[in-house]
Amino acid sequence: MEFEILNWVHATFHGQEWLNYFMKYFSMLAAHGEISIACCLVLLIFKKTRRCGLAMAVALVLDFVVVNLILKNAIARERPWTHTAELPWAEEFYSQYGIELSLDYCFPSGHTAVTFCAAAVLVIFYRAKAAPAVVIAFIIGLSRIYLAEHFPTDVLGGVVFGCLCGVAGYYLYRLFERLVLSWYGKNKYKLKARAFRTNIPRSGGRSKFLSLFI
């Protein structure tokens with residue numbers, strides 16, 4: 001069934017050269033999670049968006065561990081283009097458009113997972129304003145099927161696990177945030193007193209270095 005879908009995509013759309021190049025380059029936006037990492041870094045720069053950036057950073061690390069290190073290697077599903085009998089056109093298509101093939105296992109789709117992971121965090125923080133991120137993630141997922149780098153179920157798995165990692169990363173960040181705030185609440189007077197003592201000029205007795213900690 002999945003090979004039939006990939007062959008239908010080839011017969012229906014691959015005659016459009018502009019679309020082939022569009023899907024090739026759009027897919028490259030997430031080749032190593034670049035678009036999600038760039039989004040995370042931009043969010044971290046500005047104070048108003050820093051909490052979202054921190055939550056996204058946690059989610060992206062979780063996504064990498066779950067998808068790329070655990071699931072792909074545990075399931076070990078071969079890429080569609082390795083099945084030359086079922087996709088006889090694939091080798092010529094990749095050669096014609098200079099498409100760089102991924103050599104790792106294919107379930108779930110890492111491109112799809114990392115973009116949906118970032119999109120899920122953005123949706124949690126910004127709701128409807130995050131719609132462009134969801135659209136970009138959706139097109140990247142479609143591009144992986146279009147280029148026959150993934151089976152449709154790989155992309156579906158990427159959507160599911162990417163969103164789960166996004167949500168889980170958000171709650172992990174919130175847990176860490178609460179722990180830090182709780183610790184600060186219990187120790188803020190000690191920290192303020194320590195900072196106050198550090199600013200007092202001292203003439204002998206206690207070194208400036210020790211005054212940073214006492």
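The values are calculated or read from the model by the stated rules, or taken from the named source; none is laboratory data. Values in this document were obtained by computation on a predicted structure and should not be read as measured data. Backbone-built Cβ (ideal geometry, glycine too); neighbour counts: all protein chains shown.
Assorted remarks:
- For the range 33-76, the candidate set comprises residues that are basic (K, R) and in contact with an Asp or Glu (Cβ under 9 Å, 6 or more places away or on another chain); within that set, the residue that is nearest to A168 (Cα to Cα) is R51.
Okay, residues lined up against (1) surrounded by fewer than 17 Cβ atoms within 10 Å (Cβ to Cβ); (2) closer than 16 Å to I139 by Cα:
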site: T12; (1), (2): yes, no
site: K24; (1), (2): no, yes
site: A30; (1), (2): no, yes
site: L44; (1), (2): yes, no
site: G53; (1), (2): no, no
site: M56; (1), (2): no, no
site: L60; (1), (2): no, no
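- Residue within the range 166-184 that is part of a helix (DSSP H, G or I) and under 15 Å from H111 (Cα atoms) present: yes
- Filter result for R79 (touching a Cys at 6+ places or on another chain (Cβ under 6 Å) and at pLDDT below 95): yes
- The residue list R202, R194 contains one member that is at pLDDT below 95, assigned to a helix (DSSP H, G or I), of a type in the set (K, R) and out of contact with any strand residue (DSSP E or B) (no Cβ under 6 Å at 6 or more places or on another chain), which is R194.
- Any hit, the range 98-109, residues being under 18 Å from A30 (Cβ atoms) and aromatic (F, W, Y): yes
- Here I35 passes the criteria (1) in contact with a Leu (Cβ under 6 Å, 6 or more places away or on another chain); (2) free of Cβ contacts under 8 Å to residues at least 24 places away in the same chain except the one numbered (2).
- If you check F22, F64 for being assigned by TED's automatic domain parsing to the domain that holds A137, closer than 20 Å to G98 by Cα and in a helix (DSSP H, G or I), only one passes: F22.
- Scanning the range 100-135 for residues that are surrounded by 19 or more Cβ atoms within 10 Å (Cβ to Cβ) and either over 18 Å from the mean Cα position of the chain (by Cα) or outside any helix (DSSP H, G or I) (or both) returns C106, F107, P108, S109.
- Qualifying residue in the range 85-94 (condition: surrounded by fewer than 23 Cβ atoms within 10 Å (Cβ to Cβ), aliphatic (A, V, I, L, M) and not in a helix (DSSP H, G or I)): yes
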